[in-house]
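Every number in this text was worked out from the coordinates using simple rules, so none of it is lab data. Remember, predicted model here, so these are calculated numbers, not experimental data. As a convention, Cβ positions derive from the backbone with ideal geometry for all residues, glycine included, and neighbour counts pool all protein chains shown.
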Protein chains: 2
Amino acid sequence: MEDSKFEVVAVDGLARLGYLKTGHGNVQTPVFMPVGTNANVKLLSTRDLEELQAEIILSNSYHLAVKPGVDVIKSLGGLHSFMDWRGGILTDSGGFQIFSLRKLIEVDDEGVLITSPVDGSKLFLTPELSIRIQRDLGSDIVMVLDQCGHPNSSYLETKDALRRTHAWAKRSVQVGVADNQMLFGIAQGGMFSDLRRMSAQYLAGLNFDGYAVGGLSIGEPLDLTLEMTYETTNNLPRDKARYFMGGGSPDLIVQLVDLGVDMFDSVFPTRIARHGTALTSYGRLNVRSSKFKTDKSPIDMNCDCFVCRRFSRAYIHHLFDRKEVLGGTLLSFHNIRFMMNLMRRIRESILKGSFKLLKKEVLELYEQKRDSNCDVVGNDRGFNTG
Amino acid sequence: MEDSKFEVVAVDGLARLGYLKTGHGNVQTPVFMPVGTNANVKLLSTRDLEELQAEIILSNSYHLAVKPGVDVIKSLGGLHSFMDWRGGILTDSGGFQIFSLRKLIEVDDEGVLITSPVDGSKLFLTPELSIRIQRDLGSDIVMVLDQCGHPNSSYLETKDALRRTHAWAKRSVQVGVADNQMLFGIAQGGMFSDLRRMSAQYLAGLNFDGYAVGGLSIGEPLDLTLEMTYETTNNLPRDKARYFMGGGSPDLIVQLVDLGVDMFDSVFPTRIARHGTALTSYGRLNVRSSKFKTDKSPIDMNCDCFVCRRFSRAYIHHLFDRKEVLGGTLLSFHNIRFMMNLMRRIRESILKGSFKLLKKEVLELYEQKRDSNCDVVGNDRGFNTG
């Protein structure tokens, strides 16, 4: 019997408490993975991430393949060694770039030709090459190459992309990963319930180590995000981890945990930090506001991070006012700590059977009207509620 | 008898080992003070500075008076509390802005009108107001307002500026500082030996707690820097600390220590860090060079900082290549650590009587032809050997 790499320890409704056994330690779920696209979570060192008690981070195999190049990272002992990171790493496959870099993309059944926005170099990425890159990087969780659609894609376009995504998933399983790696499939299907169900069922048959819900949180209304997620997770095996790609605001996370999602990633907490917004136990706080100019209190009185123990809102306001990057560094540290504490509280509430209460509390503080034209900026699976 | 705030413990030639007793702990000299113009040493938190074992930092009272304003900092408990910094703070008076912002300046005998390059606000700074600002900030070492000249100033211009500087020094002594503060005079005199001697002798008669050598390292040739410094220090009392303003490259520091200078500050180590240059025991290292792309070794094998213990040149090269600010943060941390270790070695060598050997070693590694048109960028007393 195959050794299971994911265990569910407790449930509360559909919400699940569990852990993933990675090649770099166990990861408690539900988990939030900070995003380190270019082998660093912006403004934070891996020492910071250890102090923040992050257990797993995300990086992006396509971007690393362009710079510094897979051969470079391999020659330096792999991505963990390159970053000096002892925890888990999940690497994205490059599939999201089919959406985020869509003007620089040509897709056919064989693979996808991506022109780098960084240096104009061209990479023809196939499912097989994506896996080989991620094997060379040595990440703990390898994502298959998929074709991430657009929220305005038609049924027929989406169905055709799904056919390709499924063929790529099958080819990926045939390549396989290293013994200490996990391979995750990515369910697509756009904004269409039947395609979402079909995708989950098809991928379930390929017996992946875990399953991602892809192609959501890319601008569609929240109701649709939740409905499409449910159609997916409801058709996935219960004994495998489920990862919602690119969603990371507190309100979205609690709603998705409530549908049985176990894993999250987003640039959201660090991106808003660099723009002066803190996540706090009182809701969002824009520290650039002049009302904080003389405010002695910490960013969040209920936070245990060193930023909140040492610095006032007034000081961090001043740093942003003077365009000192240290302000963004301090808020990035705090916001990741906020996310780690939120996930811990979610896990505790599932164990106690009080998850619904926590969900209600978070929604009251964090629910916001999401802009259906929300703009995914840059090169990450980014959830942008700005 | 007055309690002495500075003790010389050992000498080696003119080089002195000693300590300053500040309101926030003893400071071992010779000392390098990292520069935190806007109440932060760029990219580093005060927690970082503690780990780096910095005992005293410099900040700038003029810039803080503009933003966030002295009233704000006072209402938050003073500058130490505002930054959460437990070590010493020396605040510059605003005199350097008479040089660095010279196009935005009008000087008369009463004081200097400075137009802020940040927000266009005007501040009429007098010697009395500068002291009052520094009292309100609560710094440990208060600098008098002086008129910093230009390397091309004529003898008569320099003599007139010196007359004003001396009158301002006297007015500053009359105002006085708080009991737990020290007041330092600033000797000027441009590039003229007799004026330098005259300035040192005049200020010595005012019985300051310490003395700065001002108006040097602003573009003049090195020989002149050293000659003018000697003419100053040789005419200052031996039992008071001597501070060379705005000089901080390793080669300059060892030559000035050899003339009996005790204190240094410069933006140099952090500025070059942000541009990818590391200070190392092998000399300067530009980590952006493509030759470091696959270099597994640390920035400096002989350094004890966490950056050198954890990260390779290849990783930091990659961060700079991808314009990730974390690269500058890590090198800033390392470069300050390098300076702290250099100063420790200087102090140990004075105690052992082997300072000249250390000086020779540092000069061989770091001496560079200094550009006599060296450009002081921005708003700090910055020594720029670029």
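Give the average, rounded to an integer, of partner chain Cβ atoms located within 10 angstrom of each Cβ in A:295-302.
Partner-chain Cβ atoms within 10 Å, mean over residues of A:295-302: 1.
Taking every residue in A:305-318, how many Cβ atoms of other protein chains lie within 10 Å of its Cβ, on average? Before the final figure, lay out each step's value.
Numbers: counts 0, 3, 2, 0, 2, 6, 6, 6, 0, 6, 10, 0, 2, 12.
If you average over the peptide's residues, the count of other-chain Cβ atoms is 4.
Suppose each label sits 7 Å from its Cα in the direction of the beta carbon; what would the residue B:26-residue A:106 distance come out to in nanometres?
7.3
I'd like the orientation of helix A:355-366 relative to chain A: the angle between its Cα long axis and the longest Cα principal axis, in ° from 0 to 90, rounded to 10.
With both axes taken from Cα atoms, the answer is about 70 degrees.
Please give the helix A:222-233 orientation as an angle from the longest Cα principal axis of chain A, in degrees from 0 to 90, rounded to the nearest 10.
Helix A:222-233 and the main axis of chain A meet at about 50 degrees.
Between the alpha-carbon centers of the range B:17-40 and the range B:120-137, tell me the distance in whole angstrom.
So the separation of the two Cα centres works out to 22 Å.
Report the FRET efficiency, 1/(1 + (r/R0)^6), for residue B:206 and residue A:297, where r is their Cβ-Cβ distance and R0 is 35 Å, rounded to 0.05. Can you show the working numbers first?
Working: r = 44 Å, r/R0 = 1.25.
Computed FRET efficiency for residue B:206 and residue A:297: 0.20.
For chain B, what is the charge dipole size about the Cα centre, in debye to the nearest 20, if Lys and Arg each add +1 at the Cβ and Asp and Glu each add -1 at the Cβ? Before the final figure, lay out each step's value.
Details: 46 positive and 46 negative charges, 221 e Å.
Around 1060 debye, computed over chain B.
Figure the gain on full extension for residue B:156 and residue B:50 (residue separation times 0.36 nm, minus the Cα-Cα span) and round it to one decimal in nm.
Working it through step by step, the gained length comes to 33.6 nm.
Using Cα atoms only, what is the angle between the long axis of helix B:127-137 and the major principal axis of chain B, expressed in degrees (0 to 90) to the nearest 10?
50
Only residues of the range B:135-166 count here: report those whose backbone N is under 18 Å from the spot 7 Å along Cα→Cβ of residue B:194, or say none.
B:153-164
Which net charge results when you count Lys and Arg as +1 and Asp and Glu as -1 among the other residues whose beta-carbon is under 15 Å from that of residue A:193?
That works out to -2.
List the pairs from A:291/B:323; B:42/B:323; A:323/B:42; A:74/B:293 whose alpha-carbon separation is above 21 Å, in the order I gave them.
Violating the 21 Å Cα-Cα cut-off are A:291/B:323.
Please compute the volume of the convex hull spanned by the alpha-carbon atoms of the protein assembly as shown and report it per residue in Å³.
159
When the gyration tensor of the range B:1-104 is built from Cα positions, what are the square roots of 5 times its three eigenvalues, in whole Å, from largest to smallest?
Here the semi-axes work out to 26, 18, 15 Å.
Taking the convex hull of the alpha carbon atoms in chain A, what volume per residue do you get, in Å³? Numbers along the way, then the final one.
Working: hull volume 49.8 nm³, N = 386.
It is 129 Å³ per residue.
Just order B:216-222, A:143-149 by mean Cβ neighbour count inside 10 Å, highest at the front, would you?
So the peptides B:216-222, A:143-149, ranked by packing, come out A:143-149, B:216-222.
Taking the simple approach of a point 7 Å from Cα along Cα-to-Cβ for both residue A:14 and residue A:286, what is their distance in nm?
The answer from the label model is 3.4 nm.
How large is ³J(HN,Hα) for each residue in the range A:148-164, as worked out from phi by the Karplus curve 6.51 cos²θ - 1.76 cosθ + 1.60 (θ = phi - 60°), to whole Hz, x for Gly and Pro?
3J(HN,Hα) across the range A:148-164, in whole Hz: 7, x, 10, x, 9, 4, 7, 4, 5, 4, 5, 5, 5, 4, 5, 4, 5.
With Cβ to Cβ distances under 11 Å as the rule, what net charge do the other residues near residue A:49 carry (K, R +1; D, E -1)?
-2
Compare B:42, B:291, B:74 in a GNM of chain B, Cα atoms joined below 10 Å, and give the one with the largest fluctuation.
B:291
How large is the Kirkwood hydrodynamic radius of the range B:273-366, counting all unique pairs of alpha carbons, in Å? Before the final figure, lay out each step's value.
Details: mean 1/r = 0.0728 Å⁻¹.
Mean inverse Cα-Cα distance, inverted, gives 13.7 Å.
For chain B, what is the relative contact order in percent, using Cα pairs closer than 8 Å and at least 6 residues apart in sequence?
The value is 18 percent.
Inside 10 Å of the C-beta atoms of B:34-47, what's the mean count of C-beta atoms belonging to other chains?
Going residue by residue through B:34-47 and averaging, the value is 4.
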